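To start, the structure itself, in structure tokens.
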Amino acid sequence: MSLEANDPNRRTWIDVPKNSDFPIQNIPFGVFITRDDIITIGTRIGDKAIDLGALHQLGYLEGIEIPDDMFLQDSLNDFIADGRKTWRSVRNRIARIFDIENKTLQENPEHKERVLFGLDEIEMQMPVHVGDYTDFYSSKEHATNVGKMFRDPDNALLPNWLHIPVGYHGRSSSIIPSGLPVRRPQGQKLPQGAEEPIFGPSRLVDFELEMAFITTAANHIGEPIPVDEAENHIFGMVLFNDWSARDIQKWEYVPLGPFLAKSFASSISPWIVTLDALEPFRVEGPKPVKELLPYLKSTGKKSYDVNLEVDLTPKDGKPTTISRSNFKYMYWNMSQQLAHHTVNGCPVNSGDMMASGTISGPTPESYGSMLELSWRGENPIKLNGGEERKFIEDYDTVTLRGFCQNYEVRVGFGECRSQLLPIYKS
Ligand code: CA
């Protein structure tokens, strides 16, 4: 099926502000609560949220074979499970309904009243019920920086890293949408020079600049997904802040990897941008340094050129952009990650979320965590208001942004914004 929704020449009758992440060529999917307290699946053009449940009920999706209640749900899991043909049909239809040449909804004020919402009239929710969440570790620059800091500067990468898209199974219950605050966690830490751990608030709370992809029900148990088919099973992507507590992490992570240092919260941007919408922004990723095993050899442009930015804003302060990176720096692409994840026969379900791992670029300004930006706290970052930061302080807000841009169109993710609150007190 053609991706006519991507037509860069299409104009919409909805007002789209200059440099908006949400032109009619984007058409992301999300879940929101409306002013009438109804939960619905929707999309967004410019600064208007579009109620797809209402659009469907009013007959605008006629001819697309989907159940009557497809969009009257509190998650996108069923829609995603319906597969790529459905995603494409619906996205193409939305593009046509909101095309400036199409007068049907445009000149029906009663229907518009039911379908369109201002962003201040809605509250974004989690777009999917995340059954399983996996976090990869796929940025060579990030893995190298961390290896230099905590292990051997001359052998920063562990021997498996260039052969395996390293990852671990994370916790899905603490993935929350942008806008919700995060509490500083407490836990066990081993103070410098001490032999016994202490309990207390993490003093080294960090963000991790990541993106995550969302899968459909891709395979049955026992069936691997070939690397060249993997993208057929990827619905779309979000921005992902994998909040981390470095002091808890350092004490707990040997031998089985991160646990409570990561599971207290991860924040995501609420609109899932489809892989179809990102099609014009395909690029080749880095060339493999080592010969890969056949099941990981991917061909063609399997990476995406997504500009990424991180702002840190102190309480009542001004924002400072502390990092500028790009998703294209990832050494392992999503196809390789999904092929590797399933090569042992592990099944992947609709709504599963797979995060990239911290995305650091080649230069210090492009590092994707405070750990790297301040180099373990040795080089504090200067903020616009004159303050300094080694890690995240109480009431700081961390905002991730991501967008793709070519000469014709800009397609973006909006924001993933969350504030760190002090420790929980009963
Ligand atoms: Ca991570």
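Okay, here's what the table says:
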| quantity | calculated |
| --- | --- |
| In the range 406-426, residue farthest from Ile27 (Cα to Cα) [restricted to those that are part of a loop (DSSP other than H, G, I, E, B) and among the aliphatic types (A, V, I, L, M)] | Ile423 |
| Cβ pairs under 7 Å, 6+ apart, first in the range 240-253 and not assigned by TED's automatic domain parsing to the domain that holds Gly377, second away from the ligand (no atom under 12 Å from the Cβ) | none |
| Out of Pro288, Pro280, sole residue that is assigned to a loop (DSSP other than H, G, I, E, B) and in contact (Cβ under 8 Å) with a residue 40 or more places away in the chain | Pro288 |
| Any hit, the range 325-334, residues being surrounded by fewer than 24 Cβ atoms within 10 Å (Cβ to Cβ) and not hydroxyl-bearing (Ser, Thr, Tyr) | yes |
| Output for the range 335-355, where each listed residue is within 16 Å of the ligand (Cβ to nearest atom) and in contact with a helix residue (DSSP H, G or I) (Cβ under 7 Å, 6 or more places away or on another chain) | Met354 |
| Residue check, Val166 under 22 Å from Gln336 (Cα atoms) and of a type in the set (Val, Ile, Thr) | yes |
| The range 177-200, residues that are buried (at least 18 other Cβ atoms within 10 Å of the Cβ) and out of contact with any helix residue (DSSP H, G or I) (no Cβ under 8 Å at 6 or more places or on another chain) | Pro177, Ser178, Val182, Arg184 |
| Spans of strands (runs of 3 or more DSSP E) in the range 161-237 with at least 1 residues among the acidic types (Asp, Glu) and in the same structural domain as Leu373 (by TED's automatic domain parsing) | 209-215 |
| Any hit, the range 261-276, residues being over 14 Å from the mean Cα position of the chain (by Cα), modelled with pLDDT of 95 or more and away from the ligand (no atom under 16 Å from the Cβ) | yes |
| Unique residue being surrounded by fewer than 24 Cβ atoms within 10 Å (Cβ to Cβ), aliphatic (A, V, I, L, M) and under 17 Å from Phe213 (Cα atoms) when the list is Leu338, Leu308, Leu292, Leu275 | Leu275 |
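The values are calculated or read from the model by the stated rules, or taken from the named source; none is laboratory data. Model, not experiment: these values are computed from the prediction. Cβ sites come from the backbone with ideal geometry, for glycine too, and all protein chains shown count toward neighbours.
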